[in-house]
Structures are given as structure tokens and as C-alpha cells.
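Here's the structure we're looking at; comments come further down.
The values are calculated or read from the model by the stated rules, or taken from the named source; none is laboratory data. No experiment lies behind these values; they were computed from the predicted model shown. Heads up, the Cβs are rebuilt from the backbone with ideal geometry, glycines too, and the neighbour counts pull from every protein chain shown. Note: accessible area is taken over every heavy atom of the protein model, side chains too, but ligands, DNA and RNA are not part of it. Shrake-Rupley method; radii C 1.70, N 1.55, O 1.52, S 1.80 Å.
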Amino acid sequence: MKSYIELTEHITEDQLFEGFLAFGLFSDKLIPILTGKYFYDYCIKNNPSFPNLDNKGSGYINYKNMRNINIPRELGIPNPMAYYKLCLCLKNNWENIKDHFRNYTLNQDYKISRIHIRKKHGTKRLFSMSYNNWELDGEPEPDLLFGNRYIVQADISNCFSSIYSHSLTWALVGKEIAKRNRRGNWYNDIDESVQKIKGGETHGLLIGPHASNLLSEIILVVVDKTLFDKGYRFIRYIDDYSCYVESNEKAQDFISDLSDALQEFDLQLNYKKLSIMELPTAIVEKWKRQLNTSIVLKKDKYIDFYAVRAFLDSAIELMKANDNNAAILTYAIKSLRGRTLSKSAKKYAFQTISQYAYIYPYLIPYLDEYVFKPYKTDVKDIERISNLLFTNGLKRKNYESVSYAIYFAIKYNFNLDGFMASNATNSKDCIFNLLAFKYFSKIGDVKATKEIKSYARSIKYSTEDFDRNWLFIYECLPESDLKGDWKELKRHKVKFTSI
């Protein structure tokens, strides 16, 4: 097992910069055509200062991403120039930040924080929501369970959106020093860089850019140490805590101490999700164990129509028994990839999972990788489900669903029925408009493409509108329609999409 700081110290400042800027500008939850690689290459070659960026920084793009409980959450896509300056600041202060992590995690006999930046084999990306290498991370739960009778589960209310930028300095050097020295120090540089990707706002980290996960850890490892030093044995997944205690009274003490530690950074517990459970209880969620025991998931097992139908029916029953948590369906869908399915089983799986995605849009982003490609789905079938997703998405103003339908149409070369440029422009949704522009350009619809460009020109003059739509406006318009740093990027043929 490697400690927190051992995994962190393997990252050089240059690797941090590349990982965050080239591969962490856009959330993994976004349409998979977005990339910061070309922008990173430009920055490395030209070492830009971006003098035209406002002193307060820039606004950002809002993107609604469907969660597993079928409620959207807002992701943020920062202005790339403001984000570049944040990444550069983190790079320049990486040694200080590593010292901070070392100081607050050094004496842990197991790794409390389970999800944090680290190198992964085969990619320069530094952050992922799931790490499955138990040899590196260890499995502390069995030891934490030993001798205890209760488990406390708690999380932070609106963690990223509640983080106060000044609290980063409190965590790094202490409140007293930070408040006494508000200018001209490395920790204030980080504070100011964070503010500038939100137009000068001091409250909230953007959800999505990978740098935000490093920033949140700066604060949360301090909270961890406060609790660890009090003798608590617990683990944390981003902002979710699981603490193992010997009595109900100790469980209540943990809740109180956690609340106090969070309040030092103006953070609050989410009391709606707070629970105390008596042990023994399963470490792995019951629904996951039930799915894993299915005969369908036995290694090298040939799966026929009846088996896959029973497996997916079981997944639906488990989802309904667990507050309609669509993550259960995602787990089931992922579990089928790589299995040997009969022709009829593949057809049934495609039809059923497509129907699930129509009802639970949270599943749509998983269709291509876990259904279309492994089942070698006929393009006509992809076209049919994409048209349904497009129509339903427009009706419900679920523009993520609409955008994925357009992405599928572009990738698999088919048309969407009744799709008009006004569908996109009336939505005022940046990603929808970007995908619409790419779609109409590809199919050669000159009239629709002109209409999309005309809309882009109409909103480019307002600073607020530009900030909220920079990705669409920049990708859509030629160099002659842009100015300042954006014009320079266009002149160097920098792009933010792979299509």
C-alpha cells in the first residue's frame, strides 16, 4: 500500500500542469468531443500571458448533468485562459502544496482520503472518480470494523459550491497568518487564481475541472487530521465520510466533532444524509452483492437471451428497492461488457438498456461505450433511439440528452428527424449550440449553419453572454469575428473539440 503523500509525490509540477490543463479542463461527464490538449500545446509553445483577461478573471459555462437520482447538477466549464493561470499557479506552488499534504497525512497508518489525484497507467489524466487498485490504496475497512459496533455515514452539504476561496489560505497557513497577510504571498496567489475562474467570486469551486479536486483536498485533509488526532477511525470519499465507532455515544461525538471541524472552513454537514448503523453490516452495498452473485457474471459464462433478461430485470427491481438509484443500472450495464452474449441476448440488451436510458437520462452517456460498441449495434437502431432521445430531450428541456443524440448522429452518420437550427438557438444552451453547429456543418446544411453563426455573432458582444458561451462562439466563428486573446488562439488554429 502507498500512502497519500507517496502517490502525490510521484507527480512532478510539469505533470500536474499537463494533467490539469490538457486533460482536466473539461469534466469527464461532458460529451466526449471536448479536449484541452491543443490549448495546452499552444501554452507550452508560446508561454502566453493573456493580457486581455479581465483583472477579475472571467465567468464560466454552466452545464446541467443528470445525476443517478434523475436530478441535474450544474457543472462548470471555465474560461481556458483563466484556468490556465490557475493551473500555472498550482504548478509554481506545487512543492508548497505537497508539503501541506505531507504535514496533514504523514502519521496516518492507512489512507483516509480514498479519491485524490495520482498517476494512472496509460494516461496523463490525474483524476478519476474511481480507483480500483487495492494494492496501492489498501483495504482499511476490515481493520476499521474490528472492535467497533457502529458506523456513521455523513457528507458535506454542497461541498464544492460552499468552499470559500479564502479558506484555502486558512488551510495552508492557518487563519491567523492568512488574515494578517492578505496580499503578496504564494497562498494568496492560489486564492486569487481560484476567484478568477469565477469572475472574482470568493464562494464556490467549479464542479468539473480537475483542479477543483486538488483544491478541495487542501481543506479536507486538514479536517481529516483534526478528526484523526481525536482518535476517530474513518475513511473519506471526496466529501463522504464513514466512521467506525464502539458506541452510539461515540457516533454522536464524531458527528459533533466533524461538524465543528467543517465549520472552521465555513462548511456544513448534510443532515438529511446522516445515518448511524449498527454493525455488523455489509461493507459492499447489498444491491451490488446481489448483482455480483448472478450467474450472468460468472467468468467465461455464455449468456443467452433468458439469462440477460433475468439479470436486467433483477437490476430494475433492485433500483426500485433503492430509491430509484439509476447507478444500479449503470453497474449492471458495465458488468455485461466483455461477456459473451448470444445474438438474441445482445439484441434484447440493446433494446432494454435503450428503453432504460429513455426513462433514466442518467444512463445516456454510457450507451456508446457499454452498449453500441460492444454489441456492434446496427446504425439504424442507434438512429432510432437517438431520435427518441432527441425528441424527448427537447420536450423536457434536457439539453444533455439532446446533445448526446446529436453526438451519436455525428459519429454514426445519420440525420435527426425535424432538427432545426432554432431548436438550438432558442435553448440558449452552449453545448447544444456547439453540437448543432458541428452537426449542420457536417451534413452540409448551409442555411442552418448560417443561422447558428448569426446567433453566435449576436451574443458575442456581451461579456456575460460570451463568458457563458465562449466554447460555442469560439468554435463556431472565424478569426475575423473574434478579438484579443481569442483571435490569437484562432490564428494559431487552437481548437477545443476533437471533431
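What separates the Cα centres of the range 82-127 and the range 147-213 is a distance of 14 Å.
In the structure shown, the pairs Lys175/Lys198; Lys37/Lys442; Lys120/Lys438; Lys196/Lys490 are assessed against 25 Å; a Cα-Cα span above that value is assigned to Lys120/Lys438.
Computed about its Cα centre, the charge dipole of the range 131-234 is approximately 660 debye, with only Lys, Arg, Asp and Glu carrying charge at their Cβ.
Over 22 Å between Cα atoms: which of Lys288/Lys380; Lys343/Lys373; Lys111/Lys230 fall into that group?
Violating the 22 Å Cα-Cα cut-off are Lys288/Lys380.
How fast does the range 188-335 diffuse by Stokes-Einstein, in µm²/s, taking the Kirkwood radius from C-alpha pairs at 10 °C and 1.306 mPa s? Answer, rounded: 83 µm²/s.
Quotient of the Cα radius of gyration of the range 1-63 and 2.2 N^0.38 Å, N being its number of residues: 1.42.
The convex hull defined by the C-alpha atoms of the chain has an orientation-averaged projected area of 24.0 nm². Extension gain, Leu274-Asn415: 0.36 nm per intervening residue step, less the Cα-Cα distance, totals 46.0 nm.
The three principal axes of the Cα atoms in the range 142-222 give end-to-end lengths of 50, 29, 18 Å, sorted in falling order. Across all Cα pairs in the range 175-216, the calculated P(r) in 10 Å bins from zero up to the longest distance comes to 26, 52, 20, 1 percent per bin.
Candidates Phe437, Phe50, Leu262 compared by Cα position along the dipole of the chain: farthest toward the positive end lies Phe437, with charges placed on Cβ.
Take the chain with all the other protein chains still there, run a 1.4 Å probe, and you get 47 Å² of accessible area per residue. Taking a Cβ cut-off of under 12 Å around Ile385, the surrounding Lys, Arg, Asp and Glu residues balance to a net charge of -2, with basic ones at +1 and acidic ones at -1.
Provide Rg over Rh for the range 1-151; use the alpha carbon set for both Rg and the Kirkwood Rh (inverse mean inverse pair distance). If you can, show how the numbers build up before the last one.
Details: Rg = 18.4 Å, Rh = 17.9 Å.
In the range 1-151, Rg relative to Rh is 1.03.
Ordering Asn324, Ser275, Ile235 by Cα displacement along the dipole of the range 215-360 toward the positive end leaves Asn324 in first place; charges were set at the Cβ atoms of Lys, Arg (+1) and Asp, Glu (-1). Treating r as the C-beta distance of Asn185 and Lys334 and R0 as 56 Å, the FRET efficiency rounds to 0.75.
Here are some pairs, Lys29/Lys397; Lys320/Lys397; Lys29/Lys411; Lys29/Lys334; which of them have Cα atoms lying more than 20 Å apart in this structure? Before the final figure, lay out the partial values.
Working: Lys29/Lys397 18 Å; Lys320/Lys397 25 Å; Lys29/Lys411 18 Å; Lys29/Lys334 16 Å.
Violating the 20 Å limit, Cα to Cα: Lys320/Lys397.
Convex hull of alpha carbon positions in the range 90-188: directionally averaged projected area 9.2 nm². Over the range 82-220, Cα pairs under 8 Å with separation of 6+ residues give a relative contact order of 33 percent.
Annotation for the range 427-481 versus the range 306-327: alpha-carbon center distance of 41 Å. Rounded to the nearest 20 debye, the dipole size of the range 193-280 about its Cα centre is 320 debye, using +1 on the Cβ of Lys and Arg and -1 on the Cβ of Asp and Glu. Of the residues Ser386, Tyr358, Val371, the one whose Cα sits farthest toward the positive end of the charge dipole of the range 344-393, with +1 on the Cβ of Lys and Arg and -1 on the Cβ of Asp and Glu, is Val371. Along its first, second and third principal axes, ordered by size, the range 182-273 spans 46, 26, 19 Å in Cα coordinates. Taking all Cα pairs closer than 8 Å and separated by 6 or more residues, the relative contact order of the range 295-378 comes to 33 percent. When the solvent-accessible area of the chain is split by element, carbon and sulfur atoms take up 46 percent of it, the probe being 1.4 Å. Size estimate for the range 268-367 follows the Kirkwood approach: the inverse of mean 1/r over distinct Cα pairs works out to 14.8 Å.
Please report the relative contact order for the chain, taking Cα pairs under 8 Å with a sequence separation of at least 6, and give it as a percent rounded to a whole number. Walk me through the intermediate numbers first.
Values: 713 pairs, mean separation 88.9, N = 499.
It rounds to 18 percent for the chain.
For the range 123-175, the Kirkwood estimate of hydrodynamic radius, built from reciprocal distances between every pair of different alpha carbons, is 15.4 Å.
When only the Cβ of Lys, Arg, Asp and Glu is charged (+1, +1, -1, -1), the dipole of the chain relative to its Cα centre reaches about 1880 debye.
For the range 421-499, the gyration tensor built on C-alpha atoms gives an oblate shape. Its axis ratio a/c (a ≥ b ≥ c) is at least 1.5, and a/b is not larger than b/c.
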